[in-house]
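Visitor: The structure follows.
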Amino acid sequence: MSKKGKKAKMPLSDEEQLLLFQQKLLAEEEMAKKKERLLSQFLKDKLAKEEHNSALNLYKINTQWRTVLREVKTRELHKDIEILSQTFERVVDCKDSVIKSLATDLSEAEEQYAHALRSHLHSIDQLLALQRSRLNLLEESYNMELEALTKEFETERKTIIDQHEKEIHYLQDVFMAMEQNYIDSEYESKLEFQSMWDDLKNKNLEEKHFLRLHLENTVEDLWRRFQDALKNYTDATEDQKIAFETLKVKDERSSKEIEAQMKKIQKLQDSIIILRGKIMVHSHENEDRNQYIRKDKELVLAQLRKLKAQRSHAREISQENLVKLTLESNATLKALRKIVDKGEKILKLAEICRKFETEEEKVLPFYSSVLTPKEQAEIEEIYREELTEELSKVIVNYTGMENFWKRYNKVKLEQLSLQQRRAQLLEINGKLREMLKQYLDGISVSDEVLSQLNPLFIVNHRSNLPQPLSTPTTQPGDKQPPTTYNIIEAAHVISHIL
């Protein structure tokens, strides 16, 4: 019992005090987290209620505001209609005056045209007279030249005929001499041809006999091959032939059935035509009787329809106008709010971006094109070919955004270049960290360093590197293995000595 009392009275150690202190801190942290959760839940509920109330109030305000806007819009539209009617009357008066002035100008222009036409016809008559006189002079000169040329032609013809007769006599003499020479040479060539023909005939008979034997052998081989191929083809296509014959029989049956059905259809069409003729005769007879009754009925119905159409048209116009006014007012309000919000956002972003602009960007916000004029022209030609009508119509609306896209593209390119530079710097930083870690591992001693292989760590002249296995026996003729030396850096030794 005395020992137990002594143990209870002993003070707590440092480790137990630390544990108690840590437990207290954990409990306090849990209490603080619970309080934060309760507060966040309370605030979320309160925020949800406030959002619900604000939505209801906003809906009420919008409904009241729409009624006010409708009244204001109707007043404005009435005023606009009055102004437009006055302007329309004024424009009509202006157009009438313009039409009158144009009519007077037209009458004056017609008078001027008639005068110009008269002068033009007079000048054409003068030109025709001059042309006729010129043609008479040319005809006289042509006749004179023709007579001179005919005389020259006759003289030249006589001289040519005389010379031609002389040349004919000379050629006849030459022809007789040539014919005698030809008869002599022909006899000699016939004798030579007969001898050569006999020799060639004998050679051809021998070659023909040899070729006949060779061709007979080749023809027999080809005939055998042809018979084999024909047999294989008939065996392979026998099933297809049977199927073709069956399909042919079916086709003939179906063609006969189609002809029978066509005859039936023709008969039915003839009967239909006869019945239609009868119906037309009866309808013409009954139309005259019903025509008078239909006229009276149509007059009454027409008056009734006109009245109903006028009433429904007036009602539809009023409803459409009211719906259009409400839709347009809502659409304009939404569009204006969106535009205002966008403008505010753009202005805020522009103010924020202007702080980060350099002096060069402030002076030259839009960079010039790097392409040559030739390359720019080629790109424009390709761009025009790829564009369709719909795209070109859409692009025309966004021509004013070219400067914006230039600045946007410039910023995008700078962002990409900075990202690449950051990746390069991170890679260099990782390499430097690895080198620094290797150096620190080499000069420091820790549990991690002791667990890994380190040639610089030596205790009692022993390293933690694996030693090579020593051979049990060495023969006198064998060479001894090279000795291993552990090297220690001087900076490590000096730091421990000092």
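Visitor: Determine the shape class of the range 147-216: with a ≥ b ≥ c the square roots of the Cα gyration tensor eigenvalues, call it rounded for a/c under 1.5, and otherwise prolate if a/b is greater than b/c, oblate otherwise.
Guide: oblate
Visitor: At a probe radius of 1.4 Å, what is the per-residue accessible area of residue 262, in Å² to the nearest 10?
Guide: About 120 Å², ignoring ligands and nucleic acids.
Visitor: How much net charge surrounds residue 179 when only the other residues with a Cβ under 14 Å from the Cβ of residue 179 are counted, with Lys and Arg +1 and Asp and Glu -1?
Guide: Net charge in that neighbourhood comes out at -3.
Visitor: Using heavy-atom solvent-accessible surface (probe 1.4 Å) with all chains present, what is the largest-first order of 223, 197?
Guide: Order by accessible area, largest first: 223, 197.
Visitor: Ignoring ligands and nucleic acids, what accessible area does residue 170 show with a 1.4 Å probe (Å², nearest 10)?
Guide: 150
Visitor: Once each part is reduced to its C-alpha centroid, what is the distance from the range 132-161 to the range 12-60 in angstrom?
Guide: 131
Visitor: Figure the gain on full extension for residue 279 and residue 60 (residue separation times 0.36 nm, minus the Cα-Cα span) and round it to one decimal in nm.
Guide: Contour length minus Cα-Cα distance gives 71.9 nm.
Visitor: Percent of accessible area on the range 190-317 owned by carbon and sulfur, 1.4 Å probe?
Guide: 59
Visitor: A further question follows. Can you list the HN-Hα couplings for the range 205-215, worked out from phi with the Karplus curve (6.51, -1.76, 1.60; θ = phi - 60°), rounded to whole Hz and with x for Gly and Pro?
Guide: 5, 5, 5, 5, 5, 5, 5, 5, 4, 5, 5
Visitor: Let me ask another. Given the whole protein assembly as supplied and a 1.4 Å probe, what does the accessible area of residue 138 come to in Å², nearest 10?
Guide: 90
Visitor: Take every Cα-Cα distance within the range 72-153, group them into 10 Å bins from 0 onward, and report for each bin the whole-number percent of pairs it holds.
Guide: 13, 15, 13, 12, 11, 10, 8, 7, 6, 4, 1, 0
Visitor: Grab the range 181-290 and count how many Lys pairs have their alpha-carbon atoms under 27 Å apart, sequence gap of 8 or more, or different chains.
Guide: So the count of such lysine pairs works out to 18.
Visitor: Looking at the square roots a ≥ b ≥ c of the eigenvalues of the Cα gyration tensor of the range 88-230, which shape do they give, rounded for a/c under 1.5, prolate if a/b is larger than b/c, or oblate?
Guide: oblate
Visitor: If you don't mind, another one. Output needed: percent of Cα pairs per 5 Å distance bin for the range 14-93, bins running from 0 to the one holding the longest distance.
Guide: Here the calculated profile for the range 14-93 is 3, 12, 7, 8, 7, 6, 7, 6, 5, 5, 5, 4, 4, 4, 4, 3, 3, 2, 2, 1, 1, 0, 0.
Visitor: Over all Cα pairs of the range 280-329, how is the pair count split among 10 Å bins, expressed in % and running from 0 up to the last occupied bin?
Guide: Histogramming the range 280-329 at 10 Å steps yields 22, 24, 19, 15, 13, 7, 0 percent.
Visitor: Related question: Residue by residue through the range 56-65, what is 3J(HN,Hα) from phi via Karplus (6.51 cos²θ - 1.76 cosθ + 1.60, θ = phi - 60°)? Round to whole Hz and write x for glycine and proline.
Guide: Result, ordered by residue: 4, 5, 5, 5, 5, 4, 5, 5, 5, 5 Hz.
Visitor: Once you have the Kirkwood Rh of the range 184-255 from its Cα pairs, apply Stokes-Einstein at 37 °C and 0.692 mPa s and quote D in µm²/s.
Guide: 182
Visitor: To one decimal place, what orientation-averaged projected area in nm² is obtained for the convex hull of the Cα set of the range 227-369?
Guide: 33.9
Visitor: Looking at the range 175-310, I'd like the Rg to Rh ratio, where Rg is from alpha-carbon atoms and Rh is Kirkwood's inverse mean 1/r.
Guide: Computed over Cα atoms, the ratio is 1.71.
Visitor: May I pose another question? Using a 7 Å offset from the Cα along the Cα-to-Cβ direction at both residue 106 and residue 25, what is the distance between the two label points in nm, to one decimal?
Guide: Distance between the two pseudo-spin positions: 10.5 nm.
The values are calculated or read from the model by the stated rules, or taken from the named source; none is laboratory data. Remember, predicted model here, so these are calculated numbers, not experimental data. Because the Cβ atoms are built from the backbone with ideal geometry, glycine has one as well, and the counts that use them run over all protein chains shown. Heads up: the accessible areas ignore ligands, DNA and RNA and are worked out on the full protein's heavy atoms, side chains in. Shrake-Rupley method; radii C 1.70, N 1.55, O 1.52, S 1.80 Å.
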